[in-house]
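Chemist: Just passing along the structure, written as structure tokens.
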Amino acid sequence: MTVDPNVSGSTAETPGTESSSPETPGAPSKSAAAIDRARAQGRAALICYIPAGYPDVQTTIDAGIALARNGADLIEIGIPYSDPVMDGSVIQAATTEAIANGFRVSSIFDIVAGITAATDAAVLVMTYWNPVLRLGVDEFSRRLAAAGGAGLITPDLIPEEASQWLEASQKYGLDRVFLVAPSSTPERLARTVEASRGFVYAVSIMGVTGTRTAVSSTAEQLVADTRAAGAARVCVGLGVSNADQVREIAGYADGVIVGTALVAALRDGGVPALADLTTDLSSGLLPAGTEAH
Amino acid sequence: MATTPAASPQDHPADAFLSGATRPAEGTSIDAAAGPDTGTRADGAAGPAARTGSFRHAAGPYFGSYGGRWMPESLIAALDELEETFEKAKVDPDFLAQIADLNKNYSGRPSLLTEAKRFALHAGGARIFLKREDLNHTGSHKINNVLGQALLAKRMGKTRVIAETGAGQHGVASATAAALLGLECVVYMGAEDCRRQALNVARMQLLGATVIPVTNGSQTLKDAINEALRDWVANVDSTHYLLGTAAGAHPFPAMVRFFHEVIGEEARAQILEQTGRLPDAVCACIGGGSNAIGIFHGFLDDPSVRLYGFEAGGDGVETGRHAATITLGRPGVLHGARSYLMQDEDGQTVESHSISAGLDYPGVGPEHAYLADIGRVSYEPITDAEAMDAFQLLCRTEGIIPAIESAHALAGAIKVGQRLTADQADPAETIIVINLSGRGDKDVETAAAWFDLIDAETAAEASAEAVIRAADTAADQVSAAASGTPSHAAEANRRNGK
Ligand SMILES: Cc1ncc(COP(=O)(O)O)c(C=O)c1O
């Protein structure tokens, strides 16, 4: 399905909220801007996840910079959490190690600042909700914005529980990336799209993070449904691990999110291996002028 | 769902918990501020019930500022389906008749209310009555909830149930209900708990369930819940998550309570019949809070009845090794609900510790958090040592071996009895009901080691075998997960030749 990215009123020049939500005052959406830059080049965006503090804070900064220099348009830094219910064994092992190595939540702001100082990539933080609550939603948001962060991806927060976050993200001009799933009803899609800012994260399959040999066909339908619910930018993640899968998803989504495969590369070969895989993944992004755009 | 309530009204004063080493100063804890023993609610007449109307049948999703649905979007549709099915079922005479029939003819309800006369001598001479959930089929209150939820699973057309278990009681109950109703059953159990409760692992397997030991994190109940949630996300079409306590995302807290309300209803009628009046106090242990909310519910609107929940104090709350969530935790979100939570400064869940696997959980059901804040229920910690003393006392004075979980309620009741009878001419005027949530068969090995009846090495050897077998299953599970098989358990079953 071809969707004009500008029908909703968001444009590449003034990237903003998802279509049906009111324009957010303050800074324009950094995530939307990054996706739109890729779109202007006729391709989908590459969004790369790594956990913070794995194995230490400096490596995460170096790794984030390497991601950006090798083709990542957006970077997701995950906060290691004691109870990561949406993560499979590879990411669990990495975040458990980060915590064991003494990771502290406040270092996330140093990591974000370190990456944004050196690159143009939009840097999002992916976090389960309790660490944000514990620091205070407003305080967390203030410090994230000050560090140059783009916003938050929130795997265990639904819009119904997000009133504090809606307020704080509005105040500091941060993106709110909520998830939609193949199980989401049309009503829920509409509500989630409306609450989102920057892009909507479409979960490719019913499951947790981890590499999968095939991308499920439900993802394409979910992207179409999410667009129909009013989303201007929909990115697909969960289970994407190689350039072929990136190419397939880039054919219908605005961005492709890769996590586990990168974490495994970082684990096995450090930052150089991470950089190589990122280059390879970005080769799967559609060239200009193909069917999706 | 209702709109989100305002942010935390008052964060728990017990920041001291974060150091894991200090108790809150006198007068700052919830118990001290609102507990009946310190005067604010002494006569009960001015209790919160008088101000706010009935506390019974709270429907959720919120209990004050607690509860809600802090869950991945992938699971919201399943929670909605469950809520809808439950709301219809609870007013459906057919469903209620089915439950009543199973309770009576399968579980053996009503459970007895037994006066414990010799035990009572150690509780200041108050009259003590035990609500005998230990006599239920499968040995604990857990059966009440699993029968209800398994029936709902069938109504939803699901063919598979998954469960987490700590002590193994909920796992055994789930396996039992699954066998009875012809459902596939997979139980996630922390590897540490598999060791502590080796007999229950075998019991679940005998009942046809697959037990998957969980080796992540602290290898106890919270990690088993995480793993069950991961399974649920991947298999939600065919699978109902049979959560074992009154915690988690809406509708679980209100629904699990509904299935346990029978405990309080029976207990209230029985105590009226046996003594002609309401008790002065009702005591229960708190893991996630299901047995407690079940019995409390019968008395929530009786302002003269003081309600006490006893949390696991482990080695002592001052040591940091405990599971006294309400006493020392602070509000946060875990496993789908906002409630009190044992967490560090970064919001990471802190590992809990208790001799009792069923109480070894760093969270607590949201309705308890609310009842604590408003002062309707007092929550206090009981140490491992206090619980084991009470365990032995009940064995020797009444000929009843309690679950170690329930022994926390017994130990608490001893303290409450002594306090309430302190300046009474006739202590027998004071009546206390204790929810004896389960029997201690599963705990014989732990108790025997505690009391040096067998040498600890023999006990360790006895359970090593079970752990080895459990580890085999774990290896299967890991490879199933790595290969991207949607159902870890289906894979494990296949490998086990089931
Ligand atoms: C006998 C018994 N009592 C109490 C509990 C604690 O659970 P809850 O607080 O939900 O009643 C358990 C949990 O396994 C148990 O087995």
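Chemist: Roughly how compact is the range B:118-179, stated as its Cα Rg over 2.2 N^0.38 Å to two decimals?
Modeler: Working: Rg = 16.4 Å, N = 62, 2.2 N^0.38 = 10.6 Å.
That works out to 1.55 for the range B:118-179.
Chemist: Counting pairwise Cα distances across the range A:172-241, what percent come out greater than 20 angstrom?
Modeler: Details: 607 of 2415 pairs.
That fraction is 25 percent.
Chemist: Can I ask one more? Does any residue of the range B:52-86 lose at least 20 Å² of accessible area with all protein chains in place compared with its chain alone, and if so which ones (probe 1.4 Å)?
Modeler: Hits at the 20 Å² cut-off: B:ARG69, B:TRP70, B:MET71, B:PRO72, B:GLU73, B:SER74, B:ILE76, B:ALA77.
Chemist: Take the Cα of A:ALA228, step 7 Å along the line toward its Cβ, and report every residue of the range A:175-192 whose backbone nitrogen sits under 18 Å from that point.
Modeler: Zone members listed by number: A:180-192.
Chemist: If the range B:193-247 were replaced by its equivalent ellipsoid, with semi-axes equal to the square roots of 5 times the Cα gyration tensor eigenvalues, what would those be, largest first, whole Å? Please report the intermediate quantities before stating the final value.
Modeler: Values: eigenvalues 76, 47, 22 Å².
Ellipsoid half-lengths, sorted descending, are 19, 15, 11 Å.
Chemist: Let me understand the range B:166-269 better: what is its radius of gyration from the alpha carbons, and its Dmax, in angstrom?
Modeler: 14.2, 45
Chemist: At a 1.4 Å probe, what is the % contribution of carbon and sulfur to the accessible area of the range B:388-437? It would help to have the intermediate numbers written out before the result.
Modeler: On the way: 780 of 1690 Å².
The computed percentage sits at 46.
Chemist: For B:ARG321, what accessible area in Å² do you get when you roll a 1.4 Å probe over the heavy atoms of the protein chains, rounding to the nearest 10?
Modeler: 110
Chemist: Compute accessible area for the range A:199-227 by itself and then with all protein chains, 1.4 Å probe, and report residues whose area falls by 10 Å² or more.
Modeler: Buried by 10 Å² or more upon assembly, which counts only protein chains, are A:MET206, A:GLY207, A:VAL208, A:THR211, A:ARG212.
Chemist: Are any of the pairs B:LYS90/B:LYS442; B:LYS104/B:LYS222; B:LYS131/B:LYS442; B:LYS117/B:LYS442 more than 23 Å apart by Cα-Cα distance, and if so, which? Write down the numbers at each step before the final one.
Modeler: Working: B:LYS90/B:LYS442 33 Å; B:LYS104/B:LYS222 32 Å; B:LYS131/B:LYS442 19 Å; B:LYS117/B:LYS442 25 Å.
As for pairs spanning more than 23 Å Cα to Cα, those are B:LYS90/B:LYS442; B:LYS104/B:LYS222; B:LYS117/B:LYS442.
Chemist: What whole-number value in cubic angstrom gives the convex hull volume per residue for the C-alpha atoms of the range A:40-143?
Modeler: Hull volume over Cα atoms, normalised by residue count, gives 112 Å³.
Chemist: Using amide H atoms built 1.01 Å from N in the peptide plane, name the residues 5+ places from B:GLU115, or on other chains, whose amide H lies under 5 Å from its own.
Modeler: Residues meeting the amide H criterion: B:LEU130.
Chemist: Taking θ = phi - 60°, what integer Hz values does the Karplus form 6.51 cos²θ - 1.76 cosθ + 1.60 yield along the range A:177-185, in sequence order, with x for Gly and Pro?
Modeler: For the range A:177-185, the Karplus-derived couplings read 9, 8, 9, 10, 10, x, 7, 5, 6 Hz, x marking Gly and Pro.
Chemist: For the range B:128-145, just list the computed ³J(HN,Hα) in residue order, Karplus coefficients 6.51, -1.76 and 1.60, θ = phi - 60°, integers in Hz, with x standing in for Gly and Pro.
Modeler: Once θ is set to phi - 60°, the couplings for the range B:128-145 become 10, 10, 9, 7, 8, 5, 5, 8, 5, 3, 6, x, 7, 5, 4, 4, 4, 6 Hz.
Chemist: How much of the accessible area of the range A:56-130, probe 1.4 Å, is carbon plus sulfur, in whole percent? Walk me through the numbers before you get to the answer.
Modeler: Numbers: 1080 of 2210 Å².
Exposed carbon and sulfur together represent 49 percent of the surface.
Chemist: What number comes out for accessible area per residue over the range A:28-110 if the probe is 1.4 Å? Units Å², please.
Modeler: On the way: 2480 Å² over 83 residues.
About 30 Å² of surface per residue is accessible.
Chemist: Classify the range B:223-267 from the C-alpha gyration tensor, please: rounded if a/c falls under 1.5, else prolate or oblate depending on whether a/b exceeds b/c.
Modeler: On the way: a/c = 3.13, a/b = 2.41, b/c = 1.30.
The shape class here is prolate.
Chemist: Let me understand the range A:86-218 better: what is its radius of gyration from the alpha carbons, and its Dmax, in angstrom?
Modeler: Reported Rg and Dmax, both Å: 15.5, 43.
Chemist: Taking θ as phi - 60°, what are the ³J(HN,Hα) couplings along the range B:397-405 by the Karplus curve (6.51, -1.76, 1.60), each to the nearest whole Hz, with x for Gly and Pro?
Modeler: Here the 3J(HN,Hα) series is 9, 10, x, 10, 8, x, 5, 5, 4 Hz.
Chemist: Then there's this: The range B:82-121: Rg/Rh from Cα coordinates, Kirkwood Rh? Can you show the working numbers first?
Modeler: On the way: Rg = 16.4 Å, Rh = 12.6 Å.
When Rh is taken as the Kirkwood radius, the ratio is 1.31.
Chemist: Here's another thing I want to ask about it. Using only the C-alpha atoms of the range B:256-315, find the volume of their convex hull and express it per residue in Å³. Walk me through the intermediate numbers first.
Modeler: Details: hull volume 4.7 nm³, N = 60.
Cα convex hull per residue, to the nearest whole number: 78 Å³.
Chemist: Just the Kirkwood number for the range B:43-185, please: inverse of mean 1/r across all distinct Cα pairs, in Å, one decimal.
Modeler: Every distinct Cα pair counted, the radius reaches 18.2 Å.
Chemist: Counting residues in the range B:216-304 as N, plug N into 2.2 N^0.38 Å and put the Cα Rg over that result.
Modeler: On the way: Rg = 16.8 Å, N = 89, 2.2 N^0.38 = 12.1 Å.
With N residues counted in the range B:216-304, Rg over 2.2 N^0.38 Å equals 1.39.
Chemist: Which of the aspartates and glutamates could be linked to A:LYS30 by a straight reach, that is with a Cα gap under 17 Å, when you skip same-chain ones fewer than 8 residues away?
Modeler: Result set, ordered by chain and number: A:GLU13, A:GLU18, A:ASP73, A:GLU76, A:ASP120, A:ASP175, A:ASP254.
Chemist: Moving on. From largest accessible area down, sort B:LYS415, A:LYS171; use a 1.4 Å probe on the protein chains.
Modeler: On the way: B:LYS415 65, A:LYS171 130 Å².
So, going from the largest accessible area down, we get A:LYS171, B:LYS415.
Chemist: Just to be sure I understand the curve: with the Debye formula and one point per C-alpha of the range A:156-293, what is log10 I(q)/I(0) at q = 0.10, 0.13, 0.21 Å⁻¹?
Modeler: Result of the Debye calculation: -0.36, -0.60, -1.22.
Chemist: Please list, in chain and number order, the residues 5+ apart from B:GLN343 or on another chain whose amide H is under 5 Å from its amide H, with Hs placed from the backbone.
Modeler: Sorted by chain and number, the residues that satisfy this are B:ARG330, B:VAL350.
Chemist: How big is the range B:353-412 along each principal axis, measuring the range of its Cα positions in Å and listing the largest first?
Modeler: 38, 23, 16
Chemist: What accessible area per residue, rounded to a whole number of Å², is obtained for the range B:150-213 using a probe radius of 1.4 Å? Write out the running numbers ahead of the final one.
Modeler: Numbers: 1660 Å² over 64 residues.
Roughly 26 Å² per residue, with all protein chains present.
Chemist: As a test of reading the structure, rank B:HIS353, B:HIS57 by solvent-accessible area (1.4 Å probe, protein chains only), most first.
Modeler: On the way: B:HIS353 50, B:HIS57 105 Å².
If we order B:HIS353, B:HIS57 from most to least accessible, we get B:HIS57, B:HIS353.
Chemist: Could you give me the radius of gyration and the Dmax of the range B:307-371, taking only the C-alpha atoms into account and expressing both in angstrom?
Modeler: Values for the range B:307-371 (Cα only, Rg and Dmax): 10.9, 33 Å.
Chemist: Turning to a different aspect of this structure: Taking chain A on its own, what percent of its Cα-Cα pair distances exceed 32 Å? Spell out each step's value before the answer.
Modeler: Details: 6157 of 42778 pairs.
Looking at chain A, the distances longer than 32 Å represent 14 percent of pairs.
Chemist: Further question on the same structure: What accessible surface, in Å², does a 1.4 Å probe find on B:PHE451, ignoring ligands, DNA and RNA and rounding to the nearest 10?
Modeler: Surface accessible to solvent at B:PHE451 totals approximately 50 Å².
Chemist: Give the aspartates and glutamates reachable from A:LYS171 as a straight Cα distance under 14 Å; neighbours fewer than 8 places away on the same chain don't count.
Modeler: A:GLU23, A:ASP138, A:GLU139
Chemist: Here is a further query. Specify the residue with the greatest mean-square fluctuation among A:ALA253, A:ALA98, A:ALA40, computed from a Gaussian network of chain A linking alpha-carbon atoms under 10 Å apart.
Modeler: Residue with maximal mean-square fluctuation among A:ALA253, A:ALA98, A:ALA40: A:ALA40.
Chemist: Express the C-alpha Rg of the range A:123-195 as a ratio against the empirical globular expectation 2.2 N^0.38 Å, rounded to two decimals.
Modeler: Details: Rg = 12.1 Å, N = 73, 2.2 N^0.38 = 11.2 Å.
Rg over 2.2 N^0.38 Å, computed on Cα atoms: 1.08.
Chemist: On to the next question. Find the percent of Cα-Cα distances in the range A:212-261 that exceed 11 Å, and round it to a whole number. All intermediate terms of the calculation are to be shown ahead of the outcome.
Modeler: Details: 796 of 1225 pairs.
When all Cα pairs of the range A:212-261 are counted, 65 percent exceed 11 Å.
The values are calculated or read from the model by the stated rules, or taken from the named source; none is laboratory data. Since this is a predicted model, take the numbers as computed values, not measurements. A quick note on method: Cβ atoms are made from the backbone with ideal geometry, for glycine too, and the neighbour counts reach across all protein chains shown. What goes into the accessible areas is simple: the full protein's heavy atoms, side chains included, and nothing from ligands, DNA or RNA. Shrake-Rupley method; radii C 1.70, N 1.55, O 1.52, S 1.80 Å.
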